[in-house]
1. How large is ³J(HN,Hα) for each residue in segment 12-19, as worked out from phi by the Karplus curve 6.51 cos²θ - 1.76 cosθ + 1.60 (θ = phi - 60°), to whole Hz, x for Gly and Pro?
2. With an 8 Å cut-off on Cα pairs and a minimum separation of 6 or more residues, tell me the relative contact order of the chain in percent.
3. In whole Å, what are the extents of segment 65-104 along the principal axes defined by its C-alpha atoms, from largest to smallest?
4. Please report Rg (one decimal) and Dmax (integer) in Å for the Cα set of the chain.
5. Could you work out how far apart the two model spin labels at Met33 and Thr15 are, taking each label as a point 7 Å from the Cα in the direction of the beta carbon, and quote it in nm?
6. So for the chain, if I pair up every lysine 8 or more residues apart or on another chain, how many of those pairs have alpha-carbons under 26 Å apart?
7. Using the Karplus curve 6.51 cos²θ - 1.76 cosθ + 1.60 with θ = phi - 60°, what ³J(HN,Hα) values do you get for each residue of segment 145-151, in whole Hz, with x for Gly and Pro?
8. Between Leu66 and Phe48, what is 0.36 nm times their sequence separation minus the Cα-Cα distance? Round to one decimal in nm.
Amino acid sequence: MFPIIPQNQNQPKPTDPGKVATLLTIIVAALVMGCVMFGAFVVFTGAFNKPAKEMQLSLMAAGMALTNTLLSFVIPPIVAQAATRNANGDRPTFLQAYMTKTIIAVALLEGATLFVIFTIMTEHHWWSLAIAVFLVGLMLNHIPSKMRIEQWLDENGAHEDERPVG
C-alpha cells in the first residue's frame, strides 16, 4: 500500500501565528504565481487569436472548477477538525492544522485553475479565462493575516496560555 513516512520529532512545531501567516503567504503566493505565469504565457502567446474549438475539455474544466471550489470549502475544515480532535487545546497543533487546511484548499483551487488554463490553450474560449481569474481570486482569499489566524485559533479552542508574547 502506501509507505508510512515517520514524522521528524525533532522538528519544532510552529508557535507564532505571525510566522505562520508569513509562511502561508509565501506558499499561497507561489501557488498563485504559478497559475498567473502559466495563464499569462497562454494568453500572450496568442491563445485567443485562434478560432474557438469544441468545448468538451472546457466544460470538463468548468465542472472541475466548480467541484474543486466546493471541495475547497468542505475538505479543509474536516482535515483541521480531525487533526485537532485530540489536541486538547495545544496551540502548536492547531497552528499546524491551520497551515494544512490552507494548503489543501489552495492546492484544490490551483489544480482546477491549471486545468482551466490548459483548456484556454487548447480550445480558445474566452469564458474559460473568467473562470481562471475567479479561481485565482479564491486562492488569494486564502492569504492569512496574524489576526485571522488568531481568530481561528480562538474559535476552535486553542488555549490562550500558549500564545507567544509580543
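The values are calculated or read from the model by the stated rules, or taken from the named source; none is laboratory data. The structure presented is a predicted model; accordingly, all values stated were derived computationally and were not measured. Don't worry about glycine lacking a Cβ; one is built from the backbone with ideal geometry, like all the others, and counts go over all protein chains shown. For the accessible areas, the whole protein counts, side chains as well, though only heavy atoms, and no ligand, DNA or RNA atoms are used. Shrake-Rupley method; radii C 1.70, N 1.55, O 1.52, S 1.80 Å.
1. Per-residue couplings from phi come out as x, 7, x, 10, 10, x, x, 5 Hz.
2. Worked out over the chain, it gives 37 percent.
3. 35, 15, 8
4. Cα radius of gyration and Dmax of the chain are 19.0, 62 Å respectively.
5. 3.1
6. Number of lysine pairs found: 5.
7. Result, ordered by residue: 10, 4, 5, 5, 5, 4, 5 Hz.
8. Full-extension gain reported as 4.1 nm.
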